[in-house]
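K.L.:
Once you've had a glance at the structure underneath, I'll fire off some questions.
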Amino acid sequence: MSPIRISAGPFQFVARLEEEKAPKTCRKFAELLPFKNQVIHCRWSGEAVWIPLGSFETGLGFENHTSYPSRGDILLYPGGLSETEILIAYGSSCFASKMGQLAGNHFLTITEGLENLEEFGKRVLWKGAQDIEFDIKR
């Protein structure tokens, strides 16, 4: 599949789908494109922002899952102990919720625009929710 374009607040990023490591999660996410929402700062996960998806049923289990995403890693938590969500790490992060530590499916990795990722995360922290859109890069 083509790279994914991410428009987040005033920033643009490009990401690679991790199709070999998380094929089911990538297919499910591709079905949602274009995907528009808002991103807010994490309360328990450190330097990360998240998109709460509430009770959205993904039908997914765990694949390529981690609690310690690297800068630029994007995880999908398929639900269970906590609500379904997407997490974007912009720095040091340990994925967690009020229920405790979580693991999410690492399905997308930012490959372009990393130099703006920390600034974006801090913008969300200090200025609040930002619009975000994921789509196929054309």
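The values are calculated or read from the model by the stated rules, or taken from the named source; none is laboratory data. Quick caveat: nothing in here was measured; it's all calculated off a predicted structure. A quick note on method: Cβ atoms are made from the backbone with ideal geometry, for glycine too, and the neighbour counts reach across all protein chains shown. All accessible areas refer to the heavy atoms of the entire protein, side chains included, with ligands and DNA or RNA removed. Shrake-Rupley method; radii C 1.70, N 1.55, O 1.52, S 1.80 Å.
K.L.:
Got a number for residues in region 26-49 being within 13 Å of the chain's Cα centre (by Cα) and over 16 Å from M99 (Cα atoms)?
P.N.:
Total satisfying the criteria: 12.
K.L.:
With respect to E133, determine if the residue is closer than 21 Å to A8 by Cα, in a strand (DSSP E or B), in contact with a Phe, Trp or Tyr (Cβ under 8 Å, 6 or more places away or on another chain) and open to solvent by 20 Å² or more (accessible area, probe 1.4 Å).
P.N.:
yes
K.L.:
If you don't mind, another one. Tell me, yes or no, whether region 49-65 has at least one residue that is touching a residue at least 60 places away in the same chain (Cβ under 8 Å) and open to solvent by less than 40 Å² (accessible area, probe 1.4 Å).
P.N.:
Yes.
K.L.:
Look through region 1-58, keep the residues that are of a type in the set (D, E) and farther than 21 Å from L114 by Cα, and return whichever of them is modelled with the highest pLDDT.
P.N.:
Step by step, filter region 1-58, then rank; the result is E20.
So that you can scan it fast, the table gives a plain yes or no per residue for (1) open to solvent by 10 Å² or more (accessible area, probe 1.4 Å); (2) under 28 Å from K137 (Cα atoms):
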{"residue": "P78", "(1), (2)": "yes, yes"}
{"residue": "A89", "(1), (2)": "no, yes"}
{"residue": "S93", "(1), (2)": "yes, yes"}
{"residue": "M99", "(1), (2)": "yes, no"}
{"residue": "L108", "(1), (2)": "no, yes"}
{"residue": "E112", "(1), (2)": "yes, yes"}
{"residue": "L117", "(1), (2)": "no, yes"}
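K.L.:
For region 25-42, give me the residue count where each residue is touching a Phe, Trp or Tyr at 6+ places or on another chain (Cβ under 9 Å) and among the basic types (K, R).
P.N.:
The qualifying residues number 2.
K.L.:
What tally of residues in region 10-36 results from selecting those that are over 18 Å from E57 (Cα atoms), open to solvent by less than 70 Å² (accessible area, probe 1.4 Å) and either of a type in the set (A, V, I, L, M, F, W, C) or touching a helix residue (DSSP H, G or I) at 6+ places or on another chain (Cβ under 6 Å) (or both)?
P.N.:
5
K.L.:
Modelled with pLDDT of 95 or more, at positive phi and in contact with a His (Cβ under 9 Å, 6 or more places away or on another chain): does that describe N105?
P.N.:
no
K.L.:
If you don't mind, another one. Using the structure shown, decide if G46 is closer than 26 Å to K122 by Cα, in contact with a Ser or Thr (Cβ under 8 Å, 6 or more places away or on another chain) and surrounded by fewer than 13 Cβ atoms within 10 Å (Cβ to Cβ).
P.N.:
Here the answer is no, as G46 does not meet what is asked.
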